[in-house]
Amino acid sequence: MKQGRISQTALKVAHNLVTLSAKDDWAQRLPAGLAEMSERLLRASGSPSFGPRMMRISKGPWMIRAYELGDLLMPGQFEGFGHRKIFVQQQVEAAIEHGARQVLVTGAGFDTLCLRLAPQHPKVQFIELDHPATSAAKAKGIALEGQPTNMIQIAADLGEHPLSKVLAEHDRWDTALPSVLVAEGLLQYLTDEEVRGLLAEAAACTSLGSRFVFTHAKPGYRKLVTVLTNLIAEPWKSAVESENLPEYVEGTGWKIISDVDTDETHGVERYAVAERR
């Protein structure tokens, strides 16, 4: 990602969800309020590509068709973002039911999970962490939405500062509390070494029994996707088969507790949950 530039991937994902909400029954399938809040955050971001007129066009048949054509290059990706949001929210809510008292979303982009869930769970601390430029753009929308008292944003580049150090500098994070961490649509932008480093850092600042909910790229599309994502300066750098995840995370402090993901509706990504052991 270019310094000082809002993540183009973050903008694309939010825009994709706004458009998806206008297709078939997706408005009912997506978590309540997600699409509407995504649209408001995009408008408030200051990005010239997401003004009121573009938002109206975004929910029209031509934009839906454009995303469907994009699926020819990246199969299932259009609806895949919707499935991804549903999965992550279900896993976070399940972790909270099992006692998690902190939620950390890394590479949060314009995700609305913390904004929507924080008011529903006042005893849980919600933290978003993202690159400074993207975090600042999103903060404009959060200010308009009304920031929950149990939610904060942390602007930091994890490529320059270790996760444990970043969290240690903020008194809202307690390493002794059971937690759930989220890395949605993030790990493929890191090398395999960086992924393992992030997992190890996450283990260092979480208690036993905490959970890590994440998505990862499926091998086989890497070359094509790299060409496409290079156009927005955010290339994919890693991919791993779902069945190889236990060995992939071995030695990082985490153990995969989810089943092998073979669901083709997830597009070019697969989903997983690990537990701190």
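The values are calculated or read from the model by the stated rules, or taken from the named source; none is laboratory data. Just so it is clear, the structure is predicted and the values come from calculations on it, not from any experiment. For neighbour counting, all protein chains shown are included, and Cβ atoms are generated from backbone atoms with ideal geometry for every residue, glycine included.
Worth a mention:
- Contact annotation: residue pairs with Cβ atoms under 8 Å, 6 or more positions apart or on different chains, pairing a residue in the range 4-22 that is without any contact (Cβ under 8 Å) to a residue 40 or more places away in the chain with a partner that is surrounded by fewer than 22 Cβ atoms within 10 Å (Cβ to Cβ) and in a loop (DSSP other than H, G, I, E, B), are Ser21/Leu30; Ser21/Lys59.
- Test result for His161, assigned to a loop (DSSP other than H, G, I, E, B), more than 19 Å from Val103 (Cβ to Cβ) and more than 15 Å from the chain's Cα centre (by Cα): yes
- With respect to the stated conditions, Ser45 fails to be more than 20 Å from Pro235 (Cβ to Cβ), at pLDDT 95 or above, small (Gly, Ala, Ser) and surrounded by 14 or more Cβ atoms within 10 Å (Cβ to Cβ).
- The range 194-224, residues that are more than 20 Å from the chain's Cα centre (by Cα) and not in a loop (DSSP other than H, G, I, E, B): Ala204, Lys223, Leu224
- Any hit, the range 60-68, residues being touching a residue at least 40 places away in the same chain (Cβ under 8 Å) and assigned to a strand (DSSP E or B): no
- None of Glu201, Glu193 is modelled with pLDDT of 95 or more, closer than 19 Å to Gly253 by Cα and out of contact with any helix residue (DSSP H, G or I) (no Cβ under 8 Å at 6 or more places or on another chain) except Glu193.
- Residues that are touching a strand residue (DSSP E or B) at 6+ places or on another chain (Cβ under 8 Å), part of a helix (DSSP H, G or I) and not polar (S, T, N, Q) do occur in the range 100-113, at least one of them.
- Residue under evaluation Gln91, criteria (1) at pLDDT below 95; (2) closer than 23 Å to Glu36 by Cβ, criterion not met: (1)
- A single member of Leu72, Leu113 is within 15 Å of the chain's Cα centre (by Cα), of a type outside the set (Lys, Arg) and at negative phi, and it is Leu113.
- Filter result for the condition that a residue is free of Cβ contacts under 8 Å to residues at least 40 places away in the same chain, within 20 Å of Phe214 (Cα to Cα) and aliphatic (A, V, I, L, M), over Ala94, Ala100: Ala94
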